[in-house]
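The values are calculated or read from the model by the stated rules, or taken from the named source; none is laboratory data. The model shown is predicted, which means the values in this text are computed figures rather than measured ones. Every residue, glycine as well, gets a Cβ built from its backbone with ideal geometry; the counts of neighbours run over all protein chains shown. Note: areas computed on protein heavy atoms with side chains; ligands, DNA, RNA excluded. Shrake-Rupley method; radii C 1.70, N 1.55, O 1.52, S 1.80 Å.
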Amino acid sequence: MTDSTASDLEDPYAEIRPFSSPDVPQVLTRLANDAELAETIALWRLPRLSAMWPGLARRLGSLWLHLAARRLSTVEDLQNLIAPNLSRMIKKTSRFSVGGMERLNLEPARVYLSNHRDIFMDPAYANYAFHRQGSRTLAVAIGDNLLSKPWVADLMRLNKSFVVKRDVGGPRALLAATKLLSQFIRDAVSQNREAIWIAHREGRAKDGRDVTEPAVIKMLTLSREKGELPESVLSELDIVPLVIAYELDPCDARKAAELTAGEGYVKSEFEDVASIAQGIVGDKGCVHLHFGEPLPPGLQVKEVVAEIDRQMALHYRLYRTNVWAWEWLHGAPAPEGLLFHEGSISEQSFRARVDSIAPEHQQWMLAMYANPVDRQLALQAASRDSSCD
């Protein structure tokens, strides 16, 4: 029996779980000797030197990695190293606010189900909110399509990410991987007392419609025992919706181009990694993260989907950018009674942002900002109708 096979028998989650502190020394040694990561560090910390003397900058990046590896021995050490850098980046690129957290007990292990706009920053903002409260950070679900570079995979799993396998061969393998993921999430919550972040859909909502995919909710129920009802598992996971809203999406032009191309769009090899970088460093204006209300126990899958969608629309913070996009798209003033925040972006600068991309992409860019307005208008209409019954 090989070592890897023996390891898998001892730990069925070996290939998908976050790295734990005993894994840290070996993984850090691997990272410290990764030339591409050293170059990335140099570009990040020494941009001018990298432009003038790339070889020297790369050697200094490698030295920084080796020194950091010597100082770190646990996952918490790594997160404490990341936290101040993430804090500076958030303050530099956004005005961040949080709502609903004060009404929530942060101690219980549970699943936080989030809308998904940015590959890296959605869970990063959530973890930043927990870190500021002095609470334990969340374990984060990440698709294996984002882990094409080994050093990215190592860093993400060191930083409490677990892997959602999508690139598997055949329906049987996919079902097995999905069941394993479901069991991992349930065990993390029920046995290991870990809080989990997972998106409510596969992939980002590029069009701005935060619609929950029933398949994600069904996946969460696949860990059930024989005779156990799906709603029992969902109740055990104690799901809380997370709703994040960006005044500006740093990747809006990329998304508009992809939406314009439709099914014919083909991603470049490392396009997701480039999107991660752009999402981190790009200007976001105001960003608001809202913690919703825990879902009541006993809901069936379709009821969970409906309640998450309701809270996504209810708690989504609209900004002027959303309203302007809706008005330009519809050629009419926004309906009265629509609640929105002024934000920090001028109408002139937002208009210039839209005009800067290809004309055939502009309708899609406007739609991705306008669709949250339509979602709230639909929720308001449904509320009026129900009150009249």
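Here are a few things to note about the model shown:
- Within the range 236-264, considering residues that are outside any loop (DSSP other than H, G, I, E, B) and of a type in the set (Asp, Glu), the one surrounded by the fewest Cβ atoms within 10 Å (Cβ to Cβ): Glu263
- Filtered residues of the range 22-47 (kept if within 26 Å of the chain's Cα centre (by Cα), surrounded by fewer than 13 Cβ atoms within 10 Å (Cβ to Cβ) and within 17 Å of Glu76 (Cα to Cα)): none
- Conditions (1) surrounded by 13 or more Cβ atoms within 10 Å (Cβ to Cβ); (2) more than 30 Å from Trp197 (Cα to Cα); number of the one not met by Glu336: (1)
- Test: residue in the range 306-316 that is in a loop (DSSP other than H, G, I, E, B), of a type outside the set (D, E, K, R) and surrounded by fewer than 22 Cβ atoms within 10 Å (Cβ to Cβ): yes
- Of all residues in the range 265-288, those that are assigned to a loop (DSSP other than H, G, I, E, B) have Cβ atoms under 8 Å from Cβ atoms of residues that are among the β-branched types (Val, Ile, Thr) and at pLDDT 90 or above, 6 or more apart or on another chain, in Gly282/Thr93; Asp283/Thr93; Lys284/Thr93.
- Within the range 83-106, the set of residues being surrounded by fewer than 17 Cβ atoms within 10 Å (Cβ to Cβ), out of contact with any helix residue (DSSP H, G or I) (no Cβ under 8 Å at 6 or more places or on another chain) and touching a residue at least 12 places away in the same chain (Cβ under 8 Å) comprises Arg95, Ser97, Arg103, Leu104.
- Restricting the first member to the range 353-370 and to residues that are surrounded by fewer than 20 Cβ atoms within 10 Å (Cβ to Cβ), and the second to residues that are part of a loop (DSSP other than H, G, I, E, B) and modelled with pLDDT under 95, the beta-carbon pairs closer than 7 Å and six or more apart or on different chains are Ala367/Asp207; Ala367/Gly208.
- Qualifying residue in the range 73-85 (condition: within 20 Å of Lys160 (Cβ to Cβ) and in a loop (DSSP other than H, G, I, E, B)): yes
- Residue match in the range 334-346 (condition: of a type outside the set (Phe, Trp, Tyr), part of a helix (DSSP H, G or I) and over 20 Å from Tyr112 (Cβ atoms)): no
- Verdict on Gln133 being at pLDDT below 90 and not hydrophobic (A, V, I, L, M, F, W, C): no
- Residue that is modelled with the lowest pLDDT [pool: residues in the range 34-53 that are under 23 Å from Ile276 (Cα atoms) and not in a helix (DSSP H, G or I)]: Leu46
- Inter-residue pairs, beta-carbon under 6 Å, first closer than 15 Å to Phe120 by Cβ and in contact (Cβ under 8 Å) with a residue 60 or more places away in the chain and in the range 190-205, second open to solvent by less than 10 Å² (accessible area, probe 1.4 Å) and assigned to a loop (DSSP other than H, G, I, E, B), 6+ apart: Trp197/Leu138
- Residue check for Leu56: in a helix (DSSP H, G or I), farther than 27 Å from Ser135 by Cβ, open to solvent by 80 Å² or more (accessible area, probe 1.4 Å) and out of contact with any strand residue (DSSP E or B) (no Cβ under 9 Å at 6 or more places or on another chain): no
- With respect to the conditions (1) under 22 Å from Leu295 (Cβ atoms); (2) surrounded by 17 or more Cβ atoms within 10 Å (Cβ to Cβ), Asp118 lacks only one, and its number is (1).
- Residue count, the range 1-23 (criterion: in a helix (DSSP H, G or I), modelled with pLDDT under 90 and within 26 Å of Asp167 (Cα to Cα)): 8
- When residues of the range 277-300 are limited to those that are closer than 24 Å to Val216 by Cα and surrounded by fewer than 17 Cβ atoms within 10 Å (Cβ to Cβ), the one farthest from the chain's Cα centre (by Cα): Gly298
- Qualifying residue in the range 147-169 (condition: open to solvent by less than 50 Å² (accessible area, probe 1.4 Å) and in contact with a Gly (Cβ under 7 Å, 6 or more places away or on another chain)): yes
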